[in-house]
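So the structure is just underneath, and the comments pick up after that.
The values are calculated or read from the model by the stated rules, or taken from the named source; none is laboratory data. Please read these numbers as outputs of a predicted model, since none were measured by experiment. Note that we place each Cβ from the backbone using ideal geometry, even for glycine, and neighbour counts take in every protein chain shown. These area figures cover heavy atoms from the full protein model, side chains too; ligands, DNA and RNA do not enter into them. Shrake-Rupley method; radii C 1.70, N 1.55, O 1.52, S 1.80 Å.
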Amino acid sequence: MPLVSMNHFLPRAKQEGFAVGQFNVNNLEYFQAIIEAAKEERSPLIFGASEGAIRYIGLNNVVALAKVAADESGLPVALHLDHGSSFDVVMKCIRAGFSSVMFDGSHYSFEENIRLTKKVVEAAHAVGVSVEGELGTIGGVEDDLDVAEEDATLANPEEAIRFWEETRVDAVAIAVGTAHGMYKGEPKIRYDIIEKVASKIEAPIVLHGGSGVPDESIKKAISYGVGKINVNTENQVAQVQVIRELLDKNPDMIDPRKYLGPSREAIKEVVKGKMRLFGSSGKA
């Protein structure tokens, strides 16, 4: 099956009360682990590729790996640019074959964010590519992003509603108290913001910083209108734990397949658990 836009499954997710996971890729093993999890769970999925991951893997390599995974799996798979920083970056990814993009204009003024996001939507929708926009500032550290806790700002519900009405993005990421990376304590999610925005717009809400959020909090967020949840750090933690344990026990081990293979299995198990938690298992 060819790569699809997020509109292939996100409207259904919001209507039926489940969420589709965006699982970020960092190397070949992530592609393999995530698609194997999706096949076993029969779940739609979103490969997320940040600008940092694209630089590391190579733009054409990212697209090729995603296309092979989608073709061989027969599942609905979107390849999504995560936190696209500019119109030029977004266009480069669309031309390369991404089926979905995020333009992160949250660091601009509200009016400028709307103007630039509308420009992205117009170009992307013309070629069948879905678009995610963002409002508010999500704290934490992940890849190129580093936002101090004191600089994180919650989304204003009225502005979020107007943002969607004027841009018509296909998914809206709003800052509601989650953060990129792992949490030191339990996140204080503003469900009231999710509910107020989700009830007034057609697009699903996106929850960034899904790693380490308690299961009950995830379920509650989905019940209020979250239809897409991003996961990256939790997979990285699972992978590196396995690699460290293996190399500690086997200091002479030099074949990367002998530690990357088991670490790939650890990523797959995390992804399978998230798909079940999000309710996307069996929805492919």
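Here are the numbers for this structure:
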{"quantity": "Which listed residue, of S43, S106, S86, is modelled with pLDDT of 95 or more, of a type in the set (S, T, Y) and open to solvent by 10 Å² or more (accessible area, probe 1.4 Å)", "calculated": "S86"}
{"quantity": "Filtered residues of region 114-130 (kept if in contact with a helix residue (DSSP H, G or I) (Cβ under 7 Å, 6 or more places away or on another chain) and in a helix (DSSP H, G or I))", "calculated": "I114, L116, T117, K118, K119, V120, V121, A123, A124"}
{"quantity": "Residue check for G261: small (G, A, S) and closer than 23 Å to F9 by Cβ", "calculated": "no"}
{"quantity": "Residue satisfying condition, being open to solvent by 50 Å² or more (accessible area, probe 1.4 Å) and at pLDDT below 90, within set L145, L154", "calculated": "L154"}
{"quantity": "Some residue of region 42-53 being touching a residue at least 60 places away in the same chain (Cβ under 8 Å), in a strand (DSSP E or B) and farther than 22 Å from D215 by Cβ", "calculated": "yes"}
{"quantity": "Counted residues, region 223-262 - those being in a helix (DSSP H, G or I) and either more than 30 Å from I189 (Cβ to Cβ) or in contact with a strand residue (DSSP E or B) (Cβ under 8 Å, 6 or more places away or on another chain) (or both)", "calculated": "16"}
{"quantity": "Residue satisfying condition, being in contact with a Gly (Cβ under 7 Å, 6 or more places away or on another chain), under 22 Å from V172 (Cα atoms) and not polar (S, T, N, Q), within set V90, V4, V77", "calculated": "V90"}
{"quantity": "Qualifying residues in region 56-83 (those that are touching a residue at least 40 places away in the same chain (Cβ under 8 Å) and part of a helix (DSSP H, G or I)) - the one surrounded by the fewest Cβ atoms within 10 Å (Cβ to Cβ)", "calculated": "D71"}
{"quantity": "Conditions (1) under 19 Å from F9 (Cβ atoms); (2) out of contact with any Lys or Arg (no Cβ under 9 Å at 6 or more places or on another chain); (3) surrounded by fewer than 17 Cβ atoms within 10 Å (Cβ to Cβ): number failed by A96", "calculated": "(1)"}
{"quantity": "Pair list, Cβ < 7 Å and 6+ apart or interchain, from region 236-264 residues that are open to solvent by less than 70 Å² (accessible area, probe 1.4 Å) to residues that are of a type in the set (D, E, K, R)", "calculated": "L260/E29; S263/E29"}
{"quantity": "Candidates V172, V176 - the one that is closer than 21 Å to R12 by Cα and either modelled with pLDDT under 90 or not acidic (D, E) (or both)", "calculated": "V172"}
